[in-house]
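Asker: Would you mind keeping the following structure in view while I ask a few things?
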Amino acid sequence: MSQQYTQGFCIDRICMLLGKAVNTQAALNLDILPPEQQYITWQQHHLAASFVLPVKAKETLTERLTALLTMLFAQMDDELVNETVYLVLPEFPGVDNQQLNALLQHLMRHFPSLLLSDTCRVFPYGSAGALMALSMAQQQLQQDANATVWLLAVDTQALDEVLQCYATAELAGEPSEGAIALRLSRTNAVVAVHAIASDASPASSAEPEPAMAALFQDVAANLPATLNQLYLPDCGDVNATERWLAQYHYLHGAVNQDTEHVLASYATGELGACGGLYRLLHVYRGYQRGYLQGLTLQCELSPALYRAVAVFSQAGTLVNNKEV
């Protein structure tokens, strides 16, 4: 079910650490100054991959995420202390997942000032969690015009079980990792949020991604104008592409031959849960710098359960005589 908003947002602080760019400025310039292709040797396999740190055999997800956050926070001078932080994590199934609980307990011990505020929330939903977190942030910003909310995402593909899938061609594309922190406020809003919708229904064997079809149908039925841009969670894996492509026809009436398809993750490699936040920032900077016009749809698909879509426009603009 979609949520409607009347206020937009501004991103007034950005801090990023990506496999292809270990500082914020380099990450912001990836589209303009792409680095040379990187490769790793993993169990005698030669893989295209971009990681912040060397891959370690048998390293756990908790250890890797902790290392990435440590490097990110080293650039931030305690900016998150006592702040509202919405933490976007890799996808964990179930409401009481033991692995997730262990990860959170470890992070709270290792970073005791990270989630101090009562307003902090955790979104263990993969890349779709970025839009779910944005939805809650919009509510917070509407309630308090002076509020700020940090969206923080961290994820990695540098794990034995994930790299095995790339080595055996179960996954295609380029694995990567990263940590991204964005501070949102209402002051001088750049981007308006038209709607955000999400779903966590298990996939049906009879019809792949019925929830994705429902989200696309909802978007097509409620847009004030045709989409100018469509941001898709695509990094070269055919199976992942098919999950949204098979439902693309449900956007009939919302797209046309002029709708641009933006595949921002080809510049970064697969970032997992960080991908949603990176694409959100890409949308934001597109409007901020005048590269994007009209309406933009961002689509996010996490590996198993979660999907989300959001529709954006330039703050203060009129689309088809409707203010968004």
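The values are calculated or read from the model by the stated rules, or taken from the named source; none is laboratory data. No experiment lies behind these values; they were computed from the predicted model shown. Cβ placement follows ideal geometry from the backbone for every residue including glycine, while neighbour counts extend to all protein chains displayed. SASA here: full protein model, heavy atoms, side chains in, ligands and nucleic acids out. Shrake-Rupley method; radii C 1.70, N 1.55, O 1.52, S 1.80 Å.
Asker: Among the residues of the stretch 275-292, is any outside any helix (DSSP H, G or I), buried (at least 23 other Cβ atoms within 10 Å of the Cβ) and in contact with a strand residue (DSSP E or B) (Cβ under 8 Å, 6 or more places away or on another chain)?
Answerer: Within the stretch 275-292, the subset outside any helix (DSSP H, G or I) is 289-292.
In the following step, the residues that additionally are buried (at least 23 other Cβ atoms within 10 Å of the Cβ) were identified as 292.
Subsequent filtering for residues that are in contact with a strand residue (DSSP E or B) (Cβ under 8 Å, 6 or more places away or on another chain) retains 292.
Yes, that holds for at least one residue.
Asker: Tell me, which helices (runs of 4 or more DSSP H) wholly within the stretch 57-152 include 1 or more residues that are more than 21 Å from the chain's Cα centre (by Cα), within 23 Å of G19 (Cα to Cα) and free of Cβ contacts under 8 Å to residues at least 40 places away in the same chain?
Answerer: 61-73
Asker: Within the stretch 228-241, track down each residue that is open to solvent by less than 30 Å² (accessible area, probe 1.4 Å) and in contact with a strand residue (DSSP E or B) (Cβ under 7 Å, 6 or more places away or on another chain).
Answerer: Selection gives Q229, L230, Y231, L232, P233, C235.
Asker: Here's a check for you: in the stretch 5-61, which residue that is among the charged types (D, E, K, R) and under 19 Å from C235 (Cβ atoms) is modelled with the highest pLDDT?
Answerer: The selected residue is K20.
Asker: Here's another thing I want to ask about it. Within the stretch 242-263, can you find the residues that are open to solvent by 30 Å² or more (accessible area, probe 1.4 Å) and in a helix (DSSP H, G or I)?
Answerer: E242, R243, L245, Y248, H249, Y250
Asker: Moving to a separate point now. Exactly one condition in (1) open to solvent by less than 30 Å² (accessible area, probe 1.4 Å); (2) outside any helix (DSSP H, G or I); (3) over 26 Å from A67 (Cα atoms) is false for L184; which is it?
Answerer: Every condition holds for L184 apart from (3).
Asker: Same structure again: Looking at A225, is it surrounded by fewer than 20 Cβ atoms within 10 Å (Cβ to Cβ), touching a His at 6+ places or on another chain (Cβ under 6 Å) and either under 20 Å from A264 (Cβ atoms) or not β-branched (V, I, T) (or both)?
Answerer: no
Asker: Would you be able to say whether some residue in the stretch 125-146 is farther than 23 Å from E300 by Cα, open to solvent by less than 40 Å² (accessible area, probe 1.4 Å) and touching a strand residue (DSSP E or B) at 6+ places or on another chain (Cβ under 9 Å)?
Answerer: For the stretch 125-146, residues farther than 23 Å from E300 by Cα, open to solvent by less than 40 Å² (accessible area, probe 1.4 Å) and touching a strand residue (DSSP E or B) at 6+ places or on another chain (Cβ under 9 Å): absent.
Asker: Can I ask one more? Somewhere in the stretch 259-270, is a residue more than 26 Å from A179 (Cβ to Cβ) and of a type outside the set (V, I, T)? Reasoning before the result, please.
Answerer: So the first thing to find is which residues in the stretch 259-270 are more than 26 Å from A179 (Cβ to Cβ), and the list is 259-261.
From the residues that got through so far, the ones that are of a type outside the set (V, I, T) too are 260-261.
Yes: one or more hits.
Asker: May I ask you to list pairs of residues, at least six apart or on different chains, whose Cβ atoms are under 7 Å apart, with the first in the stretch 235-260 being within 26 Å of Q157 (Cβ to Cβ) and the second being β-branched (V, I, T) and part of a helix (DSSP H, G or I)?
Answerer: So the pair list comes out empty.
Asker: While we're on this one: Of all residues in the stretch 201-222 being within 21 Å of the chain's Cα centre (by Cα) and outside any helix (DSSP H, G or I), which is modelled with the lowest pLDDT?
Answerer: A203
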